[in-house]
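Report on one structure; see the data block that follows.
The values are calculated or read from the model by the stated rules, or taken from the named source; none is laboratory data. Remember, predicted model here, so these are calculated numbers, not experimental data. Positions of Cβ are backbone-derived with ideal geometry, glycine not excepted, and every protein chain shown enters the neighbour counts. Surface accessibility is based on the protein's heavy atoms, side chains included, excluding ligands, DNA and RNA. Shrake-Rupley method; radii C 1.70, N 1.55, O 1.52, S 1.80 Å.
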Amino acid sequence: MVHGFLAAGNMNIECLGEIVDLGHCKQYNNLLNKFPKDQVFLEGETQISFLDGYVFNKEKLVTKGAGDWQHTFAEAMRKDAGECLRTLRGGFCGYIYNKQDSALVAYTDQIAAKALYYYADGERWIVSSHIPYMISVLKAAGVSYHFHETAAKYMLTYGYMLDDSTFVKEIHRLLPGQLVRIGNGGAKVERYYLIPNKEVQMSEQEAVGRIDSAFREAVRREFDKDREYGRRHLVDLSGGLDSRMVSWVAHDMGYTDQLNVTYCRADYLDYKISQQIAVYLGHEYLFKALDDANWLYDIDDIISKNNGAALYTGITGGSRLLGTLNTEQFGIEHTGMIGDAILSTFYHDRELNFGKPRPGLNQYSNRLSYSVDSQVMEEYPCQEMFAVYTRGMMGAMSSYIIRQHYIEAASPFTDVDFLETVFSIPFAYRNRHHIYLKWMEQKYPQATAFGWEKWGGVKPREDHIFFRKVKTTQRLLCRAACKAFKLQSTDNMNPLDYWYGKSPGIQAYCRDYYLQNRDRSEIDGQLKKDISLMFEEGTVEEKSMALTVLGAVRLYF
């Protein structure tokens with residue numbers, strides 16, 4: 001199951017199948033079509049306009065102009081693309097093409113919930129949401145392209161990309177809040193939106209009120225979009241706080257027709273806690289145990305679906321779960337994506353948090369060390385913003401690229417207005433979940449009656465911190481004992497090393513995959529040694545990073 005689109009100028013794309021020939025450009029559409037009235041595909045006398053995804057506030061743009069949504073959007077983009085995109089809320093990507101001067105503007109939303117990639121070479125260009133489509137077109141046209149070693153190095157350390165890199169040098173990804181202007185033989189990238197992170201003085205009570213108001217509005221936007229199209233609500237639920245608050249607040253607001261889904265190790269806290277919450281709220285509940293670990297076989301499938309944006313094990317069994325559902329009945333998969341890092345903080349030290357961005361933090365693996373171009377860091381005003389954009393949006397949220405082959409995805413925590421609200425709250429309040437727990441305690445006290453997986457099942461209340469410390473000590477001692485006796489700890493929602501160790505079939509498959517692909521000519525001597533080190537000596541997560549690099553080479557070259 002694959003969904004996406006590709007548009008190209010001065011290139012033949014008929015290798016993809018049935019296309020729309022617009023004269024000045026051609027387009028192939030295999031869209032998910034969850035929200036067709038939100039999409040734009042309009043050819044005017046001077047301009048072609050296209051938008052894929054969902055928009056929560058169409059009425060705000062339409063009331064400013066005249067006519068329907070499609071024509072209003074096209075006109076707003078013609079006048080000022082950056083201003084138009086800043087106004088919109090939702091997950092979307094697309095392009096506008098000016099027939100008169102053959103100029104293209106391609107864009108993604110403020111958080112890149114809908115990924116977009118581009119290729120530009122002289123008068124030829126391609127924009128697409130799916131890199132395998134682009135590869136097919138380049139191959140059919142006899143256009144040469146090259147392996148991008150920088151992407152491989154990112155994958156072997158961070159497990160995701162830090163910039164616009166992909167595994168193909170000539171194909172670039174638009175980062176969150178970016179648009180690219182292609183014309184006159186070149187491509188110029190512009191950032192039209194960056195999250196402001198200027199603290200505003202306020203009381204704790206004011207902070208709680210602002211958080212609650214902004215969060216409820218973000219929830220309303222998401223769940224109303226389901227209702228607009230007569231869809232049910234598919235809501236992730238775990239033993240953490242983020243998905244819990246999405247489901248809980250939505251229920252409190254009257255969005256009760258929810259199917260809560262959970263996937264993790266059988267009998268782990270995520271399962272036990274999420275089940276208790278779903279039963280209490282009276283929601284339909286579905287759990288998928290991951291202990292069979294068969295999703296570790298899905299190397300090619302996941303890399304193809306997520307464009308090699310992150311390590312293939314990142315989504316664990318999420319893709320297989322969605323593949324078993326009848327997703328036609330649902331609109332958006334409502335996640336709690338990166339809520340913990342936003343409403344709390346990535347770092348507990350204020351100086352580090354607001355200091356100059358630096359490489360080496362938030363890596364999945366420290367087994368290898370590579371230098372990072374300083375320009376990557378200069379894109380962001382401080383370390384926290386660098387982490388939110390890279391580890392959060394480019395890393396964790398890369399699972400959206402996979403989900404969008406089945407369903408649209410969104411998180412109230414990454415709603416633009418919620419982001420701006422939260423990053424105006426003083427660091428001291430956000431640090432160590434202080435204001436998060438205050439918000440829950442004051443506005444949704446019953447939500448704190450259920451344990452928190454991060455605290456070992458202790459209830460998420462500040463007056464329970466002592467019990468959390470006791471539980472944390474017990475867990476650390478247990479893990480230390482496992483390490484001392486060379487046992488694999490299962491105190492994890494996804495104990496990869498434990499599952500891998502007890503499955504000879506998976507071990508054999510991964511080793512065969514490694515051996516069959518490690519000698520590819522695209523991979524030079526030192527990189528080959530680095531990949532071998534990661535696979536031969538690394539944890540299963542590190543092995544998966546090495547296999548992701550090899551899988552990308554296998555699929556694209």
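Points worth noting:
- Inter-residue pairs, beta-carbon under 8 Å, first over 16 Å from D270 (Cβ atoms) and in the stretch 454-465, second of a type in the set (S, T, N, Q), 6+ apart: R461/T448
- From L259, L241, L237, residue being more than 19 Å from K454 (Cα to Cα) and open to solvent by less than 20 Å² (accessible area, probe 1.4 Å): L259
- Contact map, the stretch 259-279: residues that are farther than 26 Å from I332 by Cβ paired with residues that are assigned to a helix (DSSP H, G or I) and open to solvent by less than 10 Å² (accessible area, probe 1.4 Å), Cβ distance under 9 Å, separation 6+ or inter-chain. Pairs shown: R265/W499.
- Options K139, K114: the member that is open to solvent by 10 Å² or more (accessible area, probe 1.4 Å), within 18 Å of F5 (Cα to Cα) and assigned to a loop (DSSP other than H, G, I, E, B): K114
- Note on the stretch 236-253: residues that are more than 21 Å from K288 (Cβ to Cβ) and part of a helix (DSSP H, G or I) total 6.
- Test result for E59, open to solvent by 50 Å² or more (accessible area, probe 1.4 Å), out of contact with any His (no Cβ under 8 Å at 6 or more places or on another chain), of a type in the set (D, E, K, R) and part of a loop (DSSP other than H, G, I, E, B): no
- Residue match in the stretch 156-171 (condition: buried (at least 22 other Cβ atoms within 10 Å of the Cβ), over 19 Å from I338 (Cα atoms) and free of Cβ contacts under 8 Å to residues at least 40 places away in the same chain): yes
- When the stretch 64-97 is limited to residues that are in a loop (DSSP other than H, G, I, E, B) and either modelled with pLDDT of 95 or more or closer than 26 Å to R231 by Cα (or both), the one that is least open to solvent (accessible area, probe 1.4 Å) turns out to be L88.
- Boolean, Y364 is open to solvent by 10 Å² or more (accessible area, probe 1.4 Å), out of contact with any Gly (no Cβ under 6 Å at 6 or more places or on another chain) and either in a helix (DSSP H, G or I) or more than 21 Å from A207 (Cβ to Cβ) (or both): no
- I315 being crowded, with 18+ Cβ neighbours inside 10 Å, in a strand (DSSP E or B) and at negative phi: no
- Any hit, the stretch 65-74, residues being within 18 Å of the chain's Cα centre (by Cα) and of a type in the set (S, T, Y): no
- If you go through the stretch 98-111 and keep only what is assigned to a loop (DSSP other than H, G, I, E, B) and open to solvent by less than 10 Å² (accessible area, probe 1.4 Å), you end up with D109, Q110.
- Considering residues of the stretch 488-544 that are part of a helix (DSSP H, G or I), open to solvent by less than 50 Å² (accessible area, probe 1.4 Å) and of a type in the set (D, E) only, the residue nearest to C264 (Cα to Cα): E542
- The helices (runs of 4 or more DSSP H) found entirely in the stretch 399-445 that carry 3 or more residues being farther than 15 Å from M202 by Cβ and either open to solvent by 10 Å² or more (accessible area, probe 1.4 Å) or of a type in the set (S, T, Y) (or both) are 399-403, 434-443.
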